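The values are calculated or read from the model by the stated rules, or taken from the named source; none is laboratory data. Predicted model, so just to flag it, every value in this text is computed and none were measured. All Cβ positions, glycine included, derive from the backbone under ideal geometry; neighbour counts span all protein chains shown. Side chains are part of the model used for accessible areas, which takes the heavy atoms of the whole protein and leaves out ligands, DNA and RNA. Shrake-Rupley method; radii C 1.70, N 1.55, O 1.52, S 1.80 Å.
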Amino acid sequence: MSPSTPDTPTIPDVFDPRLYASGVPHDRYRILRDHHPVARQNEPSVLGWPAGPGFWAVTRHADVVRVLKDAATYSSYLGATQIRDPAPDDLPFIRRMMLNQDPATATATAPAAGAGDHGRLRRLVSRAFTPRLVERFEVRVRERARTLIAAAVEEARAGDGAFDVVTAVTDDYALLNLADLLGVPPADRGLLLHWTQRVIGYQDPDEAPPPVLGPDGEPVDPRSPAMLADMFAYARTLAAHKRDHPADDVLTTLAHDPELTVPELEMFFFLLTVAGNDTVRSAAPGGLVALAESPGEYERLRAGAVGVGTAVDELLRRHPPVLSFRRTAARDTELAGTRIAAGDKVVVFHASAHHDERVFTDPHRLDLSRSPNPHVAFGEGPHVCLGAHFARLQLRVFHEEVARALPVLRLAAPPRRLVSHFINGLKSVRVEAPA
């Protein structure tokens, strides 16, 4: 906490990932938005991970959008997109990923290896992520949602009358949908969840194994080459199989693209596996909790009084799957009256932007018909999520099937949240089954 003055409250900490285990710290975000919209945050050693130099927390909607859109000033390439700094030796490797590059219009911030690659890679993956391919999955996605929910309800009726929507439904739902889209064989699909938990849940001892320690005794970053070797070897093997046995899936398209190098294909597999899985894996149960806490809105959804597509946008606003993203200032600049030096870390907080009273009327109220709804759950600017269409399809179908199967939506226990300042994850959401 920073010192306060008689008129200005203390700057609260929003970095410590343990804060988020008990809920998104909306009270702290409100203080920052109102009094310190670009606030200096310490980055102490926590959960065995080393301390960092600190960063600027950006919490107002307008400023978050400005940072996300202005890649020339706020670079993804210079320091990548996670709050913690990668090891210097790992940074060139991490920059292979499209997420950690800048568009051609911002190449002054990326004068060497990453210059110009971002647009080319987005075009390549767009060829694989066609709307036609995504829409073809709706029947399969719906049958999967219906089957998983029905099985969970049946088991709950034979047991204590409740089921965990995370472990019984949404983990498998997100995982199996992604595996179908990528073209991962059924026998290998558990690997996708394992890799997601290892990379995304590394701050939570329930989600990931104890960190591997390097020669210096410090934890090895789960995004480092050493920790991703098994995933990359699998990606190469699967791509070779797709070249010999093509199918109508994303990996077949990528494997046959002559412009895509092997390292780029490996990074695409990493990005699609982790981001593609965890977006829906976090958003689906989070939306369910929001609906359970607003029974009147759930009834409106069940009655067809509001469109499910509009409802999904509001649920994404209330529970964005990603809590924060980092940029690095490419030059001296000013944001919301605060001077930021070149090289400083600048971190945007999506859940805070989504509850900014300057943009959203009564932001803590769930309003499934809210319009306009300029949330940034899928990003903004040059890095807007290429898989947003597939994620929306899955979330729409999921909530339609939940509304069909559960006349009343009640939580049977308080949700258990992921220890993370990055992913807005839920480890357990127990729901009462209908009698």
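Yes or no, residue by residue, for (1) at pLDDT 85 or above; (2) in contact with an Asp or Glu (Cβ under 7 Å, 6 or more places away or on another chain); (3) surrounded by fewer than 18 Cβ atoms within 10 Å (Cβ to Cβ):
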position	(1), (2), (3)
ALA174	yes, no, no
ASN177	yes, no, no
PRO205	no, no, yes
HIS241	yes, no, yes
VAL250	yes, no, no
ALA255	yes, no, no
GLU266	yes, no, no
ALA275	no, no, no
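From the list LEU191, LEU181, pick out the single residue that is open to solvent by 50 Å² or more (accessible area, probe 1.4 Å) and hydrophobic (A, V, I, L, M, F, W, C).
None of the other options fit; the residue is LEU191.
When residues of the stretch 296-307 are filtered for being in a helix (DSSP H, G or I) and either out of contact with any Leu (no Cβ under 7 Å at 6 or more places or on another chain) or free of Cβ contacts under 8 Å to residues at least 24 places away in the same chain (or both), how many remain?
So the count comes out to 4.
If you go through the stretch 123-145 one residue at a time, how many are surrounded by fewer than 17 Cβ atoms within 10 Å (Cβ to Cβ), within 21 Å of ARG392 (Cβ to Cβ) and either of a type outside the set (A, V, I, L, M, F, W, C) or modelled with pLDDT of 95 or more (or both)?
Matching residues across the stretch 123-145 total 10.
When the residues of the stretch 56-75 are narrowed to those that are surrounded by fewer than 21 Cβ atoms within 10 Å (Cβ to Cβ) and either touching a helix residue (DSSP H, G or I) at 6+ places or on another chain (Cβ under 7 Å) or of a type in the set (A, V, I, L, M) (or both), which ends up nearest to VAL322 (Cα to Cα)?
Once the filter is applied, the top-ranked residue is VAL65.
Considering only residues that are in contact with an Asp or Glu (Cβ under 9 Å, 6 or more places away or on another chain) and open to solvent by 10 Å² or more (accessible area, probe 1.4 Å), which ones fall in the stretch 334-343?
Correct list: ALA336, ARG339, ALA341, ALA342.
All but one of (1) buried (at least 20 other Cβ atoms within 10 Å of the Cβ); (2) closer than 19 Å to TYR20 by Cα; (3) touching a strand residue (DSSP E or B) at 6+ places or on another chain (Cβ under 6 Å) hold for ALA351; state the number of the condition that does not hold.
(3)
Being open to solvent by less than 50 Å² (accessible area, probe 1.4 Å) and outside any loop (DSSP other than H, G, I, E, B), is that true of even one residue in the stretch 369-378?
no
Just to check your reading of the model, which residue among ARG281, ARG326 is in a helix (DSSP H, G or I), crowded, with 17+ Cβ neighbours inside 10 Å and not acidic (Asp, Glu)?
After ruling out the rest, the residue left standing is ARG281.
Looking only at the stretch 90-118, filter to residues that are part of a helix (DSSP H, G or I), open to solvent by less than 40 Å² (accessible area, probe 1.4 Å) and at pLDDT 80 or above; which one of those is farthest from THR273 (Cα to Cα)?
That would be LEU91.
Among the residues of the stretch 233-278, how many are outside any helix (DSSP H, G or I) and among the small types (Gly, Ala, Ser)?
1
Please find, among ALA57, ALA80, ALA71, the residue that is part of a loop (DSSP other than H, G, I, E, B), within 22 Å of PRO382 (Cα to Cα), in contact (Cβ under 8 Å) with a residue 40 or more places away in the chain and within 19 Å of the chain's Cα centre (by Cα).
Answer to the selection: ALA80.
Picking from VAL289, VAL212, which residue would you name as being farther than 24 Å from PHE137 by Cα, open to solvent by 50 Å² or more (accessible area, probe 1.4 Å), of a type in the set (Val, Ile, Thr) and touching a residue at least 12 places away in the same chain (Cβ under 8 Å)?
Matching residue, one of VAL289, VAL212: VAL212.
Provide a single number: the residues in the stretch 394-425 that are in a helix (DSSP H, G or I) and surrounded by fewer than 22 Cβ atoms within 10 Å (Cβ to Cβ).
Of the residues in the stretch 394-425, 5 are in a helix (DSSP H, G or I) and surrounded by fewer than 22 Cβ atoms within 10 Å (Cβ to Cβ).
Can you tell me how many residues within the stretch 356-366 are out of contact with any helix residue (DSSP H, G or I) (no Cβ under 6 Å at 6 or more places or on another chain) and either open to solvent by less than 10 Å² (accessible area, probe 1.4 Å) or of a type outside the set (Ser, Thr, Tyr) (or both)?
Number satisfying all stated conditions: 7.
For LEU47, all conditions in the list (1) in contact with a Lys or Arg (Cβ under 6 Å, 6 or more places away or on another chain); (2) at positive phi hold save one; what is the number of the exception?
Every listed condition holds for LEU47 apart from (1).
Do we have any residue at all in the stretch 33-48 that's in a helix (DSSP H, G or I), in contact with an Asp or Glu (Cβ under 7 Å, 6 or more places away or on another chain) and either crowded, with 17+ Cβ neighbours inside 10 Å or not β-branched (Val, Ile, Thr) (or both)?
There is at least one residue in the stretch 33-48 that is in a helix (DSSP H, G or I), in contact with an Asp or Glu (Cβ under 7 Å, 6 or more places away or on another chain) and either crowded, with 17+ Cβ neighbours inside 10 Å or not β-branched (Val, Ile, Thr) (or both).
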